[in-house]
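Notes to accompany the following structure.
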Amino acid sequence: MKSLFNPINHSPQNDIDRVERIAEPNSAYTLGPLESGSPCCDPEPILSIKNLSLHYAEKMALDNVSLDIYQGCITALIGPSGCGKTSFLSALNRLTDMIASCRVSGEISFNNINVFDSALNVQHLRRDIGMIFQKPVPFPLSIRRNIELPLREHGMHRQTELDERVKQVLNDVGLWQEVKHRLNSPAQALSGGQQQRLCIARALALKPKILLMDEPCSALDPISSGVVEDLIQSLRGLYTVVIVTHNLAQARRIANYAGFFWVKDRAGSLIEFGKCQQIFEAPQHELTAAYINGSRG
Amino acid sequence: MLKNKLATLLIYLVAVLITVTFICILADIIIHGFSQISWGYLTESPSDAGRAGGIAPIIVSTALIVFLAIIIAAPLGLATAILLTEFAQQKTIFAGFVERCLDVLASVPSIVFGLFGNAFFSLYLGLGFSILSGGLTLACMVLPILIRTAVEGLRATPDDYRFSAAALGITRTTALVHLLLPTAMPAIVAGLILGIGRAMAETAALIFTSGYVDRMPDSVFDSGRSLSIHIYDLSMNVAGGDSKAHAAALVLIVMLLIINAISMGLAKHWQKNRIISNEIII
Amino acid sequence: MSLSRTDQHLVVGLRLCALLVASIVLLVFLFLLTESWPILNHISWSRFFTDHSWHPVQGFYNITPMLSATLLTTLGALILATPLGIASALFSRYYAPSFVATWYRRLIELLAGIPSVVYGFWGLTTLAPLIANLHPPGVSLFTAILVLALMILPTIALTVEAALISVPNAYHSGAVALGMSRWSMIIAIVLPAAQSGIVSGIMLGASRAIGETMAVLMVAGNVVQHPHSVFDSVRTLTANIALEMAYAMGDHRAALFVSGLALMIMVLGFISLAELFKWKSSYA
């Protein structure tokens with residue numbers, strides 16, 4: 001049994017990792033390029049998070065989180081409720097700005113742009129970093145207008161162009177056949193799974209680079225959940241996906257990378273980050289192992 | 001156990017007492033007023049200080065005063081409500097100040113509004129005794145109601161819309177216009193209707209702002225007598241005016257009932273067709 | 001907060017509107033003060049309490065009879081309407097079958113919307129003659145109290161009911177599970193839990209009663225005097241303004257604005273009391 005308190009870098013079983021990490025310029029806080037997982041993954045960091053801390057009023061929700069999100073990969077964030085995973089996601093597209101009591105410190109760079117730059121146009125940032133919520137939130141509009149509203153907001157006004165984009169993204173999420181005859185009917189009449197796919201389509205319509213997903217399947221029935229999961233699988237390589245999930249099996253099925261969050265000193269922190277396979281099969285940290293095995297959390 | 005039974009009995013008695021009293025009031029006005037109401041009463045001008053003739057100019061003046069009050073107060077109220085709900089989650093000093101001012105405004109007695117309207121609109125701004133002065137005074141009076149209902153309506157809209165819209169890079173303005181305001185519309189309209197009812201019922205604030213003149217107004221700069229002032233004048237200052245006052249009171253109550261019914265009907269309609277009505281608005 | 005250009009423009013517009021709304025309150029106070037300044041400037045404010053009568057044309061400005069009338073009518077109306085209002089709220093929340101409760105609530109809402117001039121008119125034509133049979137002249141402090149109580153009853157009933165609704169259901173289901181009777185459950189659990197809502201309802205009723213003009217004007221008789229019995233005619237501050245504004249000039253007019261100011265101060269006193277109570281009960 002290896003020492004569970006050893007930092008990952010010094011773990012004797014990980015010689016290959018160590019060699020690669022030394023070759024990697026960002027080795028101080030990343031785990032290096034992808035080894036397992038789907039071949040489309042490009043081991044280039046698109047988002048670099050350094051020392052991210054987050055407070056709600058006086059309460060600390062996230063403590064000093066640093067990690068890289070790799071382009072084209074699916075990164076799963078796992079851990080028990082209330083350990084700051086959702087807060088972490090919201091910081092990435094600065095949705096935390098919406099919460100008055102929320103203060104964020106640290107650095108996030110997205111394609112070498114400082115996300116916290118006060119001169120940055122957040123509307124553009126959020127167009128590039130889309131987000132899907134746990135509960136599907138179709139707007140109280142028609143299916144078509146749900147997708148058109150953000151497109152118009154970002155300057156697409158020609159109806160032919162809009163129609164084409166609507167059809168394309170609905171096709172991408174596998175909804176086109178189901179709704180093509182009722183594009184003008186209320187989106188809120190769709191089933192839960194269809195609503196969630198519509199929300200994904202709505203985000204994809206803006207051609208984002210990154211898609212943040214906050215437990216996108218947990219409010220859905222098992223069948224819809226499967227459909228949405230397949231959809232997420234199909235986004236691999238085309239988009240960078242960061243997904244928060246409580247479903248360990250799901251994380252294991254779809255993710256290339258996984259990060260494990262836990263509440264430490266009353267604040268959420270990142271305990272371990274690594275390739276999905278490594279996190280699930282050879283966790284380096286005691287807590288990760290306990291959580292994966294189901295003895296904690 | 002005896003105490004429990006006694007209390008039950010007393011509470012039922014109170015409810016019956018209240019119901020009976022109010023039915024008496026309504027019946028009194030309906031019975032005495034109904035015999036006076038005719039088509040002529042609604043379409044003719046009053047004569048002999050209101051003892052004879054009808055109330056046509058008075059209905060017109062009332063409608064004008066209420067219309068002006070709402071038209072002036074609604075945009076201001078909506079804007080303030082939006083500021084307080086959508087752009088002041090952080091309890092800014094300014095928002096706190098505005099809220100405090102609204103609390104005070106809501107508690108200003110109507111006769112004090114009358115004094116203020118007389119001093120400010122009628123004399124200082126030189127509008128004199130006019131429908132416009134009265135409308136402006138009532139606008140100040142109904143503002144707190146409009147703002148409170150609109151704030152409640154906006155607060156009741158799901159935060160999910162705000163976050164989802166923001167996550168799509170939609171500006172707050174667009175989210176407001178296309179998502180939040182349509183969703184809050186039933187509450188906003190209910191507030192408007194409540195405000196109309198309050199404005200129509202008001203008397204004290206109008207006596208020294210819109211005046212007593214019972215002729216048909218030529219413009220909003222003319223003095224005009226509201227229905228409530230007409231009732232007051234007939235019963236207090238005109239000997240033998242009681243029967244016509246009953247009729248005027250009945251007309252006023254029926255108008256208020258109609259407004260009430262409209263608001264209830266709208267609320268039901270919106271509950272049923274919320275999504276479709278949003279489509280129409282957009 | 002991060003706002004786009006459009007949002008920033010919108011916020012500026014909204015701020016201007018809100019500023020205008022807030023400035024109305026300041027304007028109200030400003031005009032009350034400037035209009036009452038002529039008299040406050042050259043007579044001492046104590047004369048409003050020590051002059052031997054209210055004869056403003058002759059230069060006597062004792063407002064205490066009106067003050068006492070305002071306070072007595074308000075107090076009387078509160079004493080009558082508070083228990084009735086609370087009982088009415090209890091009825092529609094805990095006693096009435098749901099169908100009856102719906103209609104009863106609708107009735108109360110309707111009553112809250114009936115114009116005060118209509119209440120006054122009814123008091124004058126129906127209630128006053130009845131009371132005159134009992135004890136002439138009929139238009140009196142007593143009649144005013146009755147009519148005011150009727151008027152503020154719906155206000156109190158609706159506010160108290162809102163407070164009762166906010167008492168968590170678990171409280172009374174817990175009490176029922178303990179085998180408590182309905183009345184002991186109300187006394188021991190519901191009313192204490194709804195306390196601050198009940199107080200704010202009473203304060204709301206009080207400020208409405210103080211500021212009420214038309215109904216009191218029509219049924220109180222409007223004689224400037226300290227009443228010796230409840231059947232004496234009285235004139236409240238509000239009625240005095242409504243009666244005399246039409247012909248008041250100079251210092252007389254200013255004196256009426258002073259009484260308006262006095263009304264405002266009383267109403268603000270009530271609001272602050274309610275606030276204080278709320279604050280105390282939430283930090284106790």
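The values are calculated or read from the model by the stated rules, or taken from the named source; none is laboratory data. Being a predicted model, the structure only gives us computed values, none of them experimental. Here the Cβ is made from the backbone with ideal geometry for all residues, glycine too, and neighbour counts use every protein chain on show. Heavy atoms of the whole protein, side chains included, go into the accessibility calculation; ligands, DNA and RNA do not. Shrake-Rupley method; radii C 1.70, N 1.55, O 1.52, S 1.80 Å.
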Of the conditions (1) under 22 Å from residue C:142 (Cα atoms); (2) within 14 Å of another protein chain (Cβ to nearest Cβ), residue C:92 fails just one. Which one is it?
(1)
Checking residue A:177 against (1) exposed (fewer than 14 other Cβ atoms within 10 Å of the Cβ); (2) within 24 Å of residue A:213 (Cβ to Cβ); (3) in contact with a strand residue (DSSP E or B) (Cβ under 8 Å, 6 or more places away or on another chain): exactly one of these is not met. Which one?
(3)
Qualifying position, being buried (at least 19 other Cβ atoms within 10 Å of the Cβ) and either within 9 Å of another protein chain (Cβ to nearest Cβ) or more than 29 Å from residue B:224 (Cα to Cα) (or both), among B:146, B:84:
B:84
Sort out which residues of the stretch A:225-242 are open to solvent by 30 Å² or more (accessible area, probe 1.4 Å) and not in a helix (DSSP H, G or I), and write them in order of number.
A:236, A:237, A:238, A:239
Helices (runs of 4 or more DSSP H) within the stretch C:156-267 that include 3 or more residues within 18 Å of residue C:71 (Cα to Cα)
C:195-211, C:214-219, C:237-244
In the list B:122, B:164, B:107, which residue meets the criterion of being among the hydroxyl-bearing types (Ser, Thr, Tyr), within 7 Å of another protein chain (Cβ to nearest Cβ) and open to solvent by less than 10 Å² (accessible area, probe 1.4 Å)?
B:164
Which of (1) at the interface with another protein chain (Cβ under 8 Å from one of its Cβ atoms); (2) surrounded by fewer than 21 Cβ atoms within 10 Å (Cβ to Cβ) does residue B:47 not meet, given it meets every other one?
(1)
Does residue C:158 qualify as being modelled with pLDDT of 90 or more, more than 21 Å from residue C:80 (Cβ to Cβ) and open to solvent by 30 Å² or more (accessible area, probe 1.4 Å)?
no
Scan the stretch B:22-41 and give yes if some residue there is over 28 Å from residue B:146 (Cα atoms), charged (D, E, K, R) and modelled with pLDDT of 90 or more, otherwise no.
yes
Being open to solvent by less than 60 Å² (accessible area, probe 1.4 Å) and either among the basic types (Lys, Arg) or facing chain C (nearest Cβ under 10 Å) (or both) narrows it down to one of B:27, B:7, so name that one.
B:7
Answer with yes or no whether residue B:70 is at pLDDT 95 or above, at negative phi and under 18 Å from the mean Cα position of the chain (by Cα).
yes
Looking at (1) farther than 30 Å from residue A:225 by Cβ; (2) within 21 Å of the chain's Cα centre (by Cα), can you tell me which one residue A:117 breaks?
(2)
If you scan the stretch C:1-34, which residues turn out to be of a type in the set (D, E, K, R) and open to solvent by 50 Å² or more (accessible area, probe 1.4 Å)?
C:5, C:15
Go through the stretch A:114-127 and report how many residues are open to solvent by less than 40 Å² (accessible area, probe 1.4 Å) and either away from chain B (no Cβ under 12 Å) or in contact (Cβ under 8 Å) with a residue 40 or more places away in the chain (or both).
1
Subset of the stretch A:202-224 (residues that are surrounded by 19 or more Cβ atoms within 10 Å (Cβ to Cβ) and hydroxyl-bearing (Ser, Thr, Tyr)):
A:224
